[in-house]
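Trainee: The structure that follows is given in the form of structure tokens.
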Amino acid sequence: MSVVAARHLLIKFSGSRNPVSRRTGQSTASVTDEQAIAELTQYAEKIKSEGATEAVFAKYAEQRSDCGSFKQGGDLGAFGPGEMQKQFEDGTRNCAVGEMSPIVLSDSGYHLIFRTK
């Protein structure tokens with residue numbers, strides 16, 4: 001399998017492996033999975049309404065993602081097989097380059113993924 005690259009917008013919740021936002025430093029242990037999905041759904045709709053481009057995705061990832069990559073607009077760079085959690089890698093590979101995934105659940109939380117390579 002080849003190398004892929006992606007941006008993501010992560011929302012952590014009570015079931016996340018480490019329920020602390022890397023953006024705010026605040027605990028996300030009080031966030032339910034329903035709340036995380038509802039908020040991520042709203043972000044997906046905003047991104048789609050603004051054209052679902054990489055730049056639009058990056059803007060919202062920078063504003064909201066709970067991953068430390070928020071500083072780079074959610075950019076995780078390139079990764080090969082087995083370098084990311086399986087659910088995340090599968091979610092990335094199931095997208096065409098330049099497309100956004102549906103909501104993907106991994107051990108880290110709920111993601112929107114934008115495949116860049």
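Trainee: Only one of these conditions is not met by SER106: (1) touching a helix residue (DSSP H, G or I) at 6+ places or on another chain (Cβ under 7 Å); (2) of a type in the set (Ser, Thr, Tyr); (3) over 18 Å from GLY15 (Cβ atoms). Which number is it?
Mentor: Tallying (1) touching a helix residue (DSSP H, G or I) at 6+ places or on another chain (Cβ under 7 Å); (2) of a type in the set (Ser, Thr, Tyr); (3) over 18 Å from GLY15 (Cβ atoms), SER106 fails exactly one: (3).
Trainee: What do you reckon, is LYS117 open to solvent by 60 Å² or more (accessible area, probe 1.4 Å), in a helix (DSSP H, G or I) and either basic (Lys, Arg) or on the phi > 0 side of the Ramachandran plot (or both)?
Mentor: On the way: open to solvent by 60 Å² or more (accessible area, probe 1.4 Å): yes; in a helix (DSSP H, G or I): no; either basic (Lys, Arg) or on the phi > 0 side of the Ramachandran plot (or both): yes.
Here the answer is no, as LYS117 does not meet what is asked.
Trainee: How do the pairs read when you match residues in segment 31-55 that are under 19 Å from ASP75 (Cα atoms) and touching a residue at least 60 places away in the same chain (Cβ under 8 Å) with residues anywhere that are β-branched (Val, Ile, Thr) and outside any loop (DSSP other than H, G, I, E, B), using Cβ under 9 Å and keeping only pairs 6 or more apart or on different chains?
Mentor: Hits for this filter: LEU40/ILE11; TYR43/ILE11; ILE47/VAL56.
Trainee: Further question: I'd like to verify a number: residues in segment 1-25 that are assigned to a loop (DSSP other than H, G, I, E, B) and touching a strand residue (DSSP E or B) at 6+ places or on another chain (Cβ under 7 Å), how many? Walk me through it before giving the result.
Mentor: Narrowing segment 1-25 to residues assigned to a loop (DSSP other than H, G, I, E, B): 1-3, 12-19, 21-25.
This time we only want the ones that are touching a strand residue (DSSP E or B) at 6+ places or on another chain (Cβ under 7 Å), so: 3, 12-13, 16, 19.
Of the residues in that region, 5 qualify.
Trainee: Any idea how many residues of segment 51-100 are assigned to a helix (DSSP H, G or I), acidic (Asp, Glu) and over 12 Å from PHE114 (Cβ atoms)? It would help to see each step written out before you state the result.
Mentor: As a first pass, look at segment 51-100 and keep what is assigned to a helix (DSSP H, G or I): 54-64, 68-72, 86-93.
Subsequent filtering for residues that are acidic (Asp, Glu) retains 54, 62, 89-90.
So of that shortlist, the ones also over 12 Å from PHE114 (Cβ atoms) come out as 62, 89-90.
Residues meeting the conditions: 3.
Trainee: Now a separate question. Just a yes or no: is a residue in segment 28-50 farther than 11 Å from GLY109 by Cβ, of a type in the set (Val, Ile, Thr) and assigned to a helix (DSSP H, G or I)?
Mentor: yes
The values are calculated or read from the model by the stated rules, or taken from the named source; none is laboratory data. Being a predicted model, the structure only gives us computed values, none of them experimental. Here Cβ is always computed from backbone atoms with ideal geometry, including for glycine, and neighbour counts include all displayed protein chains. SASA here: full protein model, heavy atoms, side chains in, ligands and nucleic acids out. Shrake-Rupley method; radii C 1.70, N 1.55, O 1.52, S 1.80 Å.
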